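Okay, so here's the structure we're looking at.
The values are calculated or read from the model by the stated rules, or taken from the named source; none is laboratory data. This is a predicted model, so every value here is computed, not measured. Using ideal geometry, Cβ is built from the backbone for each residue, glycine included, and neighbour counts are taken over all protein chains shown. Please note that ligands, DNA and RNA were not included when accessible areas were found on the heavy atoms of the full protein model with its side chains. Shrake-Rupley method; radii C 1.70, N 1.55, O 1.52, S 1.80 Å.
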Amino acid sequence: MTFNDWLPAILSQAAFMTPSLLAYITGIVLCLSWRRRIGVGATYAVAAFALLVFGQALSLLGQVWIYRAMADGISASSTSLGHSVIGVAHVLISLVSTGLLIAAVLAKRPPSPV
């Protein structure tokens with residue numbers, strides 16, 4: 001299995017991630033531009049969206065690692081163990097980012113200028 005064999009699979013995986021990545025990046029841009037209106041919640045939301053982008057990148061790198069391991073002939077048990085570690089890390093990143101988004105929603109907004 002060469003790079004050309006698994007490149008289409010990685011590109012299709014990246015294509016499926018594109019809408020969510022665009023939503024996360026849009027969230028970062030909106031929170032940074034409305035930082036004064038949103039208050040401390042913007043900081044939590046930016047951190048959450050950045051973690052979600054990192055989680056998507058980790059997931060894609062995990063897929064690359066799996067294909068690379070298959071190409072190198074690594075045993076199935078080693079491959080599944082590595083995939084499990086990456087999966088657990090992705091779940092933890094998702095949990096932390098969801099908690100940060102909840103904190104962003106519940107954070108006290110600054111008083112509106114009257």
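Of note:
- In this structure the chain gives 67 Å² per residue of accessible area when probed at 1.4 Å with all protein chains present.
- Extension gain (nm, one decimal) between Ala71 and Leu22, 0.36 nm per residue minus Cα-Cα: 14.5 nm
- Rounded tilt (10° steps) of 3-33 against the dominant C-alpha axis of the chain: 10 degrees
- Calculated FRET efficiency, Leu32 to Val91, Cβ-Cβ distance, R0 = 22 Å: about 0.25 to the nearest 0.05.
- Cα shape, region 3-96, gyration tensor, a/c 1.5 rule: oblate
- Selection from Asn4, Met17, Met70, by position along the positive dipole direction of the chain (Cβ): Met17
- 0 to 90° range, to nearest 10: angle between helix 40-72 axis and the chain longest Cα axis: 0 degrees
- What you get for the chain, charging only the Cβ of Lys and Arg (+1) and of Asp and Glu (-1), is a dipole of about 740 debye around the Cα centre.
- Positive-end residue of Ser94, Phe49, Leu61, charge dipole of the chain with Cβ unit charges: Phe49
- Helix axis angle, 76-106 relative to the chain longest principal axis, alpha carbon, degrees: 10 degrees
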